[in-house]
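Engineer: Sharing a structure here in structure tokens format.
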Amino acid sequence: MELQNTKTLTNLMRAMAGETLARSRYEFAAEAAEKEKLPVLSAMFRYTAGQEREHAEVFAQILSGAGVDNVELCAGFPVDRSASVLSLLAAAARNEEQEHSDVYPAFAAQARQEGFEDVARKFELIAQVEKCHAGRFEAFRKLLAENRLFVSDVACGWICLNCGHELNAKAAPGQCPVCGREGFFLRVEMSPYSYGA
């Protein structure tokens with residue numbers, strides 16, 4: 001694949017850099033969540049950071065496979081450094097939605113126009129993941145803003161992300177009855193590892 005002197009080359013590098021920086025932002029956000037004694041949100045940020053790392057790897061492999069060694073880049077990227085987990089969740093949701101609805105569709109269209117159908121498809125597929133990320137961040141932001149992260153209107157399943165203890169209740173216990181940890185409970189339906197039983 002001949003990427004030299006194409007806009008797709010620049011877009012791939014922007015995407016790789018953006019995904020790498022998103023990973024770092026989410027690692028920083030995970031640390032902020034730990035400071036606010038919200039380990040369940042720290043785990044969610046780290047889980048998403050791992051996915052962003054994989055997106056960066058996809059773009060890096062495309063660049064490497066095309067024999068690209070170095071790309072000069074001038075681009076803007078969000079910083080989103082806040083001490084407030086609520087603010088970090090809002091910024092993350094906004095940034096992910098922008099990638100889904102604006103950035104990656106434009107990159108896909110450009111790749112397709114330049115004859116790189118496989119690259120266009122990668123941008124489109126990753127854009128769909130970013131939509132999921134935006135929804136995840138927004139759901140957690142809303143729960144945290146409404147003081148409902150550990151409380152539900154109806155009884156539901158809760159799982160301790162530390163030890164795996166599950167229970168059915170309107171509210172997660174302040175402390176896990178098995179491992180004694182606080183703040184590790186998550187609604188089972190929001191668990192990335194739920195099997196639906």
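The values are calculated or read from the model by the stated rules, or taken from the named source; none is laboratory data. Note that the structure is a prediction, hence the values are computed from the model and not measured. Using ideal geometry, Cβ is built from the backbone for each residue, glycine included, and neighbour counts are taken over all protein chains shown.
Engineer: Can you name every residue in segment 86-118 that is acidic (Asp, Glu) and closer than 18 Å to GLY135 by Cβ? If you could, list the steps in order and put the result at the bottom.
Structural biologist: Filtering segment 86-118 for residues acidic (Asp, Glu) gives 96-97, 99, 102, 114, 117-118.
The answer is GLU96, GLU97, GLU99, ASP102.
Engineer: Is it the case, given these coordinates, that SER191 is under 19 Å from LEU41 (Cα atoms), of a type in the set (Ser, Thr, Tyr) and touching a Lys or Arg at 6+ places or on another chain (Cβ under 9 Å)?
Structural biologist: In short, no.
Quick grid of which residues meet (1) modelled with pLDDT of 95 or more; (2) in contact with an Asp or Glu (Cβ under 6 Å, 6 or more places away or on another chain); (3) under 30 Å from GLU146 (Cβ atoms); (4) not assigned by TED's automatic domain parsing to the domain that holds LEU21:
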residue	(1), (2), (3), (4)
VAL71	no, no, no, no
GLU97	yes, no, yes, no
SER101	yes, no, yes, no
PRO105	yes, no, no, no
ALA111	yes, no, no, no
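Engineer: If we keep just the residues of segment 154-176 that are among the aliphatic types (A, V, I, L, M) and closer than 15 Å to LEU38 by Cα, which is surrounded by the fewest Cβ atoms within 10 Å (Cβ to Cβ)?
Structural biologist: Here the residue is LEU161.
Engineer: Can I ask one more? Mind checking which residues of segment 77-95 are modelled with pLDDT under 75 and β-branched (Val, Ile, Thr)?
Structural biologist: VAL79 - this is the single residue of segment 77-95 that is modelled with pLDDT under 75 and β-branched (Val, Ile, Thr).
Engineer: Could you tell me which residue of segment 1-20 is farthest from ALA92 (Cα to Cα), considering only residues that are aliphatic (A, V, I, L, M) and buried (at least 18 other Cβ atoms within 10 Å of the Cβ)?
Structural biologist: Let us first name the residues in segment 1-20 that are aliphatic (A, V, I, L, M), namely 1, 3, 9, 12-13, 15-17.
After this cut, where a residue has to be buried (at least 18 other Cβ atoms within 10 Å of the Cβ) as well, the list is 3, 9, 12-13, 15-16.
Details: LEU3: 31, LEU9: 26, LEU12: 21, MET13: 21, ALA15: 16, MET16: 17 Å.
Selected residue: LEU3.
Engineer: A follow-up question, please. Considering segment 132-167 alone, what residues qualify as being free of Cβ contacts under 8 Å to residues at least 60 places away in the same chain and among the polar types (S, T, N, Q)?
Structural biologist: ASN147, SER152
Engineer: Please return the ranges of helices (runs of 4 or more DSSP H) entirely within segment 79-197 where 3 or more residues are among the basic types (Lys, Arg) and under 21 Å from ALA49 (Cα atoms).
Structural biologist: The qualifying helices (runs of 4 or more DSSP H) are 117-145.
Engineer: Sort out which residues of segment 21-61 are surrounded by fewer than 17 Cβ atoms within 10 Å (Cβ to Cβ) and either touching a His at 6+ places or on another chain (Cβ under 8 Å) or of a type in the set (S, T, N, Q) (or both), and write them in order of number.
Structural biologist: Listed by number, the residues that qualify are SER24, GLN61.
Engineer: Where residues in segment 88-117 are charged (D, E, K, R) and out of contact with any Ser or Thr (no Cβ under 8 Å at 6 or more places or on another chain), which of them is nearest to PHE45 (Cα to Cα)?
Structural biologist: GLU96
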